[in-house]
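The values are calculated or read from the model by the stated rules, or taken from the named source; none is laboratory data. Everything numeric in this text was worked out from a predicted model, so none of it was measured. Neighbour counts run over all protein chains shown; Cβ positions are idealised from the backbone, glycine included.
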Amino acid sequence: MTGRHIYSHFRGDSFKAGLSRTSSICALLSVYLFLLAPLLVIVVMSFSNEPTLRFPPAGFSLDPYRVLLRNDDFARGLVVSLIVSLIVTALVVAAAVPAALAIERRDFPFKRAIEGFFLMPLLVPTVVLGLGLLLVLAPAGLRGTFTGLVVAHFSIAFPYCVRTVLMSLHTSDISCEEAAAVLGAKPAYVFRRITLPIIMPGVVTGSLMAFIVSFDESVLSMFVSGTAISTLPVEMFQYLEVRADPVIAALSVALIGGSMIIVMLIERLVGLRFVVR
């Protein structure tokens with residue numbers, strides 16, 4: 001093969017590699033654009049000056065955000081969602097850490113079955129779970145109460161925290177804990193000074209995920225909420241039943257911003273690679 005042939009062959013391979021790389025980038029950008037398009041439309045609609053949702057808007061204004069700040073129903077729903085989510089997060093972490101420790105560090109009958117039972121709410125359709133909770137909570141007088149909302153949100157947020165803590169325990173080195181126990185350290189000391197710092201990324205990630213799941217939960221909230229108390233997602237659905245205007249788009253943008261802040265916190269504290277691992 002002559003030098004010209006070698007050069008032509010090398011140039012052809014380089015052109016094909018560049019074309020393949022360009023095609024991959026274009027395909028990736030197309031997927032991102034497809035996923036981000038609805039969010040971009042919502043952002044644009046949140047500045048619309050029209051009384052109804054229509055894209056593209058005829059003009060732009062900050063009135064939707066001004067009206068949003070004066071909406072008492074959304075404010076009450078936000079307070080309820082924040083309180084319920086914070087309580088659920090605290091309860092979930094308090095229950096998930098010992099449950100994950102027992103599953104990962106202890107041997108007992110039906111351990112895998114119990115682990116599967118803990119993760120079952122992730123496999124059951126939310127509508128079915130909501131109906132079951134309604135049938136249980138209503139006779140007990142807990143429908144439309146803070147307690148009922150906390151119980152419902154706990155059932156759906158608990159598996160996420162257990163899963164992340166289990167991943168931390170599964171990937172951690174148990175030799176440090178065993179060495180401390182051999183040297184006479186008490187179990188409480190070992191947990192506080194060795195185990196907890198090791199699994200802290202999983203605990204932080206699980207707590208943030210539990211908060212997001214609880215705050216955004218709408219289906220279970222609609223089943224167990226009442227006229228006296230409702231969360232922000234329920235208030236949004238009730239608002240849309242009456243009217244669809246740019247105010248709801250402005251609220252959606254605010255929620256998107258809050259979710260982005262939490263995602264950045266997760267990335268800052270433990271990294272998103274740990275979450276999806």
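Do the conditions hold for Ser30, that is, is it modelled with pLDDT of 90 or more and of a type in the set (S, T, N, Q)?
Answer is no for this residue.
Only one of Ala100, Ala157, Ala185, Ala95 is assigned by TED's automatic domain parsing to the domain that holds Val213 and more than 23 Å from the chain's Cα centre (by Cα); which?
The conditions single out Ala185.
Mind telling me which of the residues Val162, Val151 ends up being closer than 22 Å to Val93 by Cα, of a type in the set (Val, Ile, Thr) and in contact with a helix residue (DSSP H, G or I) (Cβ under 6 Å, 6 or more places away or on another chain)?
One residue alone meets the criteria, Val162.
Within the stretch 126-163, can you find the residues that are of a type outside the set (S, T, N, Q), under 17 Å from Ser218 (Cα atoms) and surrounded by fewer than 16 Cβ atoms within 10 Å (Cβ to Cβ)?
Val127, Val128, Leu131, Gly132, Phe146
Are any residues in the stretch 143-166 among the basic types (Lys, Arg) and in a helix (DSSP H, G or I), and if so, which ones?
Arg163
Kindly evaluate Leu78 against the criterion of being farther than 30 Å from Val190 by Cβ, among the aliphatic types (A, V, I, L, M) and exposed (fewer than 12 other Cβ atoms within 10 Å of the Cβ).
When the stated conditions are applied, Leu78 does not pass them.
Working carefully through the options Leu39, Leu91, find the one that is crowded, with 17+ Cβ neighbours inside 10 Å and either in contact (Cβ under 8 Å) with a residue 12 or more places away in the chain or not charged (D, E, K, R) (or both).
It is Leu91.
Go through the stretch 185-263 and tell me which helices (runs of 4 or more DSSP H), entirely inside it, have 1 or more residues that are farther than 17 Å from Gly77 by Cβ.
Result: 187-190, 196-216.
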